[in-house]
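Following: one structure in structure tokens, then a few remarks.
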Amino acid sequence: MDGTPLSSSWLVHLRAYVNTDLPSSHQIEGRDAIAELISKNALSLPRLVSEMGDILTSTDAVMRARGILLLGELWMHFVAKPFDATILHHFAAFFAARLEDWHSLHGALIGSLALLKREKHVGVVDNDDAKALLKSALENVEVQALVQEDRMFCLEFFECLLVGYPEAISSHGTLFVERLCGIIDGEKDPRCLLLGFHIVELAAQIFPDPAGYIGSVIEDLFDLLSCYFPISFTPPPDDNWGITREDLSVALMHCLGATNLFAEFSIPFLLDKLSSSLKNAKLDSLKFLGFCVSRYGAEELRNHSTAIWMALKQELFSSYKVEEAISKERDNQTFHEALNCLQACLKLQAGNKDDMLSLERNSLLELVVEDPFINDFFDCISGHLIQTSARVTVCSTGNGDIALERALTTIKETGLILTMAAKASPASCFAVTHRIFPNLFNLLRPGICIKGSDDEKKFEGIPVKSSLWFPDDVLLTVLEVIRLIIEGVKGLADSVLKLQGTYSDVKWIGPLQLNSEDLLMSFIAITVSGLQNRMDIDAILIDRTWNVGVAGLQAVGSFPPQLSILSRVQYDYLFSFLKYITLSKSEATSLWNRTVDAIRVICTAEEHFSCQGLKALSVLCTGGAEILTNSTRKLTELLCEDLKKFVRIASEEDNTVKRILPLSQGLLDYILPCCMKVDMDVEVLLGLAVNLWHIVENFPEDGLLKDSRDNIQVLQNCLGIVQICVFHCDAPSQRYLMLEIVGPFVEATSHIFGSLGLKDIWLIGFFSSMIISLRPSIHIPRAECVLHRLCAGAVSLSCGSVNLIASEAVGCLVNKWQSNGVEMQVSNGISLSIAEALDLIIKGEWVSTALCNQTGTACLEPEKALVLKMGCIKLLGYAGKGLAIRGHIGVSDIAMLLLSLVHCKKILVDAKQKNLLQFLWPNDEERLSIASAAADALGFIAKDLGSSGWRQSHLVIKPLHQQRFFVSMLAPLELVLKESEEQERIILYYAFANLISSIPANVILMESKRVFPFVLESLSALSSAEMFSTSLSSVLLVLSAILVDKNGAELASRHLSAVVGRLQSLIQYQYSVTVRETSLLCLGTLVALPYARVFPFRTQVLKSLTNALDDPKRSVRKEAVRCRRAWELLTR
């Protein structure tokens, strides 16, 4: 197309653009038409330039300028359109040449700027082209001689070069710096000023050398920049750019702080401006000073520390301006800006890590902590507060009021200054607290000691009276200062931990730890003083007293673990006091509420003293139903508030999960169990369960649970809370909860397959916890869907905790199915019998859901396939357990399926179970793992309820269910053993050991004739590997029970040779001390059998005991000695 002539219509658009007589709308239409041709690749830019030759070289300056402007605007239009390097190079050279043409400068600036704004993925000009553009601009363009629009383009041009092509700037450093002052000299437009300030900032960062380009003109630059300080700019009413005075001020501040080369000029300048009568000048001076000094570094701060401190002190202390202190209020805005400036400067004080007591001479930190204002602070306290006699009443005269006002003002100002200094850096924290607290508590200690007399009632060491005098304004202000310092230090500790991840040095917290007892007792004393004086003092003052006391205790007790300022004993004392307030002072509502909040904050301070924190929660649980109900309501509200944030906490790296962990643990372990011991309103428990459900229901679909220990623990705690709440609800409440939840649960989990998201995990967990705790009489709508969802959730590859609880729920569901004679209903209204529910489990259709609708594990990695199979086996174990407990015959189907997996050779199930068995059937690598899991599942079915982990479940229990299941398994097990080869029998005997381990002894003895052969063979088979040591111990315990039974002993005497042989082998068993001890015990028991049968083995046994007498474990050696004595007595 480039070889064909342009159409006449296209030429019309070109002529329309360059014709200045036409309206601007026609010109814009012409430009847009040309741009559309280029965007459609109907026209290339090189071809366009070729066709515009006469226009671009015209002697008519206006036409030539219009042609250059067209190209510049087209390049700006196509700034994101890819072009090759050759085109970019040609146009860079073209625009660099056109920058020399004054008439074409506007278009050339636009085109040059468009080339520099391009990003790498669409092609950029190279460094040589950037250098050519820069050189041409520096040599030919006088920025301040241009109109505002062109100045803007020119400044943007230099900004793009500084950001994207610093090498080009360096290559023309001398010329650039010469022009730099002229770029901003006399600039008045706010948009251009923003760009100009940023250009100076970038240039200062590129040329930091004092002897470099910027260093040679630094004073001239500062003179130009200082003219703009303070910024005085008010946006016009019709301003469309949105530039504010604050924007310009921040840009100038960053410009002055860009290099420490400005320090020798800017610091004296800013200090001088502090004396200005203009408030904006004073505020900006403080803001600029703090920012710039923090950028300049410690060396520049050291050079000007005295001048900085003297200037700041004038702004910080209104008490130095006596007439102002009396006649008008302090300028709070200036005061707080001065505090921020001081903190920014003190952050540069690193201090001496080896000797924090040694401060650098004339450093700002030394000037602060050694300044006379601290002595004034102590003088105010001693002169106006502390008297060695009883109470102090400040005189009510006018002079007395002024003295009190001055004292309070001095204490408050000093406290704020010390707080800001203490939280600036670890070094300043050490210096301030070391300077303040020893002297301060020397003054306060006589009034903060708590004394008690014999006739005073005490509660766990806390007296109900305090000798602390006068909770007046001065004392409360002093304690507020202490609290502010403590909170500031705690904030610093949190910042250090967030920045470093750990505390490499904790020396800086030392002064707080040394004064921890005084800190603790001060706030306890003021709180007790408020209690004992609350009938005599104004209610507002009492409320302030309690606020100061409890807030101080909260601050002292909530430090991070590595920096705790309290010892373990002091923590116990603190919690005892909080317990005293909570249980004994509930009538003081304001104090009680603050105390509960303080307990929550202290116990959730990271993970340190978490057990103590839980103890603090538990103290709320012994004050009776009313206090307990109020406490539970408040704590559950806090739990729900925190749980709403759990999605962000669980999905990101955020330590705030530690906040919810102790709270949920305390509710689960302490609060809710105590609720069950008193007459707790069931509405509280039901409300907690409903609120938790609504929070979980509103979790986002795409949240992912990070598999961290804390996140999983929060999940487990909340599910435990749901289980307790639902269990203790009455039947109507449970029925209401079921109807409220079942529909949304079924709909929300219809997509469950494979890995679950955060919401799915919580939904499955919550509903499973509820199912476990339901009463048998509660009807479950859509039971088939519920069972299907729970089975799929139990084997999902997401969260082991939820897999387990979903499996438990399946077991509980089948246990309670139709227990009240009411059939469960599926979604279409057809009743579903328990046999059909069992078929739904055994047929294994839910497995395909867990496999993303695949029919086998081929779609999964081998490791994941094995995990899925193990989950299915565990689910079958729980389902079998539920059926066995209620005495349902269906447990035999599950037991035979599991026994088939243990044997891994003979199929003992009917056709309907073969699909699931086929899925679970192991390959060679999986065989041992699958067989062991199936054996464990059989053992779990046989366990009693106490050891199976099912609590608070309202199960349907039929007596003697263990006996029936155990006896029913002996015949199938015997059949499989007979048909198995010797090597295959080991895992079968492992299954037998699991079955027998929890069966009552009387049941075993009743079946001793059938059991005894299994016991003997198990002792031999299971001794071959360490993994069977626990099962081996169980079998030995069964043998010991048989040996002491009359019928069992007769049976053992018939097989004495086999018994002795097995036991002699096991006393050398290296993997378990318990096995060796129990074997020796059984061997000693054999001497009670008939003498004629036992005596022939005497020599053999005594010889085998030789090694046992030298066993490394003392308990084994003692048992061996007892056994030897028993066998030696046979001769007598």
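The values are calculated or read from the model by the stated rules, or taken from the named source; none is laboratory data. As the structure is a computational prediction, the values presented were derived from the model and not from experiment. Ideal geometry is used to build each Cβ from the backbone, glycine not excepted, and the neighbour counts take in all protein chains shown. Each accessible area value is taken on the protein alone, full model and side chains, heavy atoms only, with ligands, DNA and RNA left out. Shrake-Rupley method; radii C 1.70, N 1.55, O 1.52, S 1.80 Å.
As a summary of the residue check, G186 satisfies the conditions (1) more than 15 Å from L252 (Cβ to Cβ); (2) assigned to a helix (DSSP H, G or I) except for the one numbered (2).
Of all residues in segment 67-78, exactly one satisfies the criterion of being farther than 14 Å from L109 by Cβ and either of a type in the set (F, W, Y) or assigned to a loop (DSSP other than H, G, I, E, B) (or both), namely F78. When you scan segment 753-767, do you find a residue that is more than 27 Å from N711 (Cα to Cα), of a type in the set (G, A, S) and assigned to a helix (DSSP H, G or I), even just one? The answer is no, given that none of the residues of segment 753-767 is more than 27 Å from N711 (Cα to Cα), of a type in the set (G, A, S) and assigned to a helix (DSSP H, G or I). In this structure, L161 qualifies as closer than 26 Å to A211 by Cα and within 50 Å of the chain's Cα centre (by Cα). Look through segment 883-892, keep the residues that are open to solvent by less than 40 Å² (accessible area, probe 1.4 Å) and assigned to a helix (DSSP H, G or I), and return whichever of them is nearest to P922 (Cα to Cα). Only one residue fits best here, namely V891.
In the set (1) assigned to a helix (DSSP H, G or I); (2) over 53 Å from the mean Cα position of the chain (by Cα), the condition left unmet by D1110 is number (1). Scanning segment 537-579 for residues that are surrounded by 22 or more Cβ atoms within 10 Å (Cβ to Cβ), more than 32 Å from the chain's Cα centre (by Cα) and not hydrophobic (A, V, I, L, M, F, W, C) yields one hit, T545. Pairs are defined by a Cβ separation below 7 Å, a sequence spacing of at least 6 or placement on different chains, a first member in segment 589-602 that is over 16 Å from R544 (Cβ atoms) and of a type in the set (D, E, K, R), and a second member that is modelled with pLDDT of 75 or more and open to solvent by less than 40 Å² (accessible area, probe 1.4 Å); no pair meets this definition.
Looking only at residues of segment 719-756 that are in contact with a Cys (Cβ under 8 Å, 6 or more places away or on another chain) and of a type in the set (A, V, I, L, M), we find that the one that is modelled with the highest pLDDT is L737.
Out of L339, L348, I need the residue that is modelled with pLDDT under 85, hydrophobic (A, V, I, L, M, F, W, C), open to solvent by less than 60 Å² (accessible area, probe 1.4 Å) and under 30 Å from V506 (Cα atoms). Which one? Criteria check complete, one pass: L348.
Kindly state which helices (runs of 4 or more DSSP H) lie completely within segment 211-307 and contain at least 2 residues that are more than 44 Å from the chain's Cα centre (by Cα) and not basic (K, R).
Numbers: elements: 213-216, 218-226, 245-256, 263-273, 279-296.
Output list reads 213-216, 218-226, 263-273.
All conditions but one from (1) over 36 Å from the mean Cα position of the chain (by Cα); (2) at pLDDT 75 or above; (3) open to solvent by 10 Å² or more (accessible area, probe 1.4 Å) apply to K490; the one that does not is (1). Entry remark, segment 779-803: residues being open to solvent by 10 Å² or more (accessible area, probe 1.4 Å), assigned to a helix (DSSP H, G or I) and either acidic (D, E) or over 21 Å from E836 (Cβ atoms) (or both) number 4 in total. If you check L134 against the conditions, is it at pLDDT 90 or above and closer than 27 Å to V62 by Cβ? No: the conditions fail for L134.
Summed over segment 151-177, the residues that are within 20 Å of L105 (Cβ to Cβ) and open to solvent by 20 Å² or more (accessible area, probe 1.4 Å) give a count of 8. Of the set (1) part of a helix (DSSP H, G or I); (2) in contact with a Leu (Cβ under 6 Å, 6 or more places away or on another chain), all apply to V125 but (1). Residue-level check: of (1) buried (at least 18 other Cβ atoms within 10 Å of the Cβ); (2) of a type in the set (V, I, T); (3) within 17 Å of L1129 (Cβ to Cβ), V1035 misses just (3). Taking the numbered list (1) free of Cβ contacts under 8 Å to residues at least 24 places away in the same chain; (2) crowded, with 17+ Cβ neighbours inside 10 Å; (3) among the acidic types (D, E) in turn, E73 passes all entries but (1).
Taking the condition at pLDDT 90 or above and in contact with a helix residue (DSSP H, G or I) (Cβ under 6 Å, 6 or more places away or on another chain), does S112 pass?
Numbers: at pLDDT 90 or above: yes; in contact with a helix residue (DSSP H, G or I) (Cβ under 6 Å, 6 or more places away or on another chain): yes.
Answer is yes for this residue.
Among the residues making up segment 12-35, those that are closer than 23 Å to T59 by Cα, in a helix (DSSP H, G or I) and of a type in the set (V, I, T) are V12, V18. Restricted to segment 257-275, and to residues there that are open to solvent by 30 Å² or more (accessible area, probe 1.4 Å) and of a type outside the set (A, V, I, L, M, F, W, C), the residue that is farthest from A311 (Cα to Cα) is N260.
Let's see how each residue does on (1) assigned to a loop (DSSP other than H, G, I, E, B); (2) in contact with a strand residue (DSSP E or B) (Cβ under 9 Å, 6 or more places away or on another chain); (3) open to solvent by less than 30 Å² (accessible area, probe 1.4 Å):
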{"position": "L37", "(1), (2), (3)": "no, no, no"}
{"position": "T59", "(1), (2), (3)": "yes, no, no"}
{"position": "A65", "(1), (2), (3)": "no, no, yes"}
{"position": "F91", "(1), (2), (3)": "no, no, yes"}
{"position": "F94", "(1), (2), (3)": "no, no, no"}
{"position": "H103", "(1), (2), (3)": "no, no, no"}
{"position": "A108", "(1), (2), (3)": "no, no, yes"}
{"position": "L113", "(1), (2), (3)": "no, no, yes"}
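Out of S1018, S1079, S1104, one residue alone is over 28 Å from N994 (Cβ atoms), out of contact with any Ser or Thr (no Cβ under 7 Å at 6 or more places or on another chain) and open to solvent by less than 40 Å² (accessible area, probe 1.4 Å). It is S1104.
Looking at this structure, is I721 out of contact with any His (no Cβ under 8 Å at 6 or more places or on another chain), under 14 Å from E808 (Cβ atoms), open to solvent by less than 10 Å² (accessible area, probe 1.4 Å) and among the aliphatic types (A, V, I, L, M)?
No; evaluated as a whole, the condition is false for this residue.
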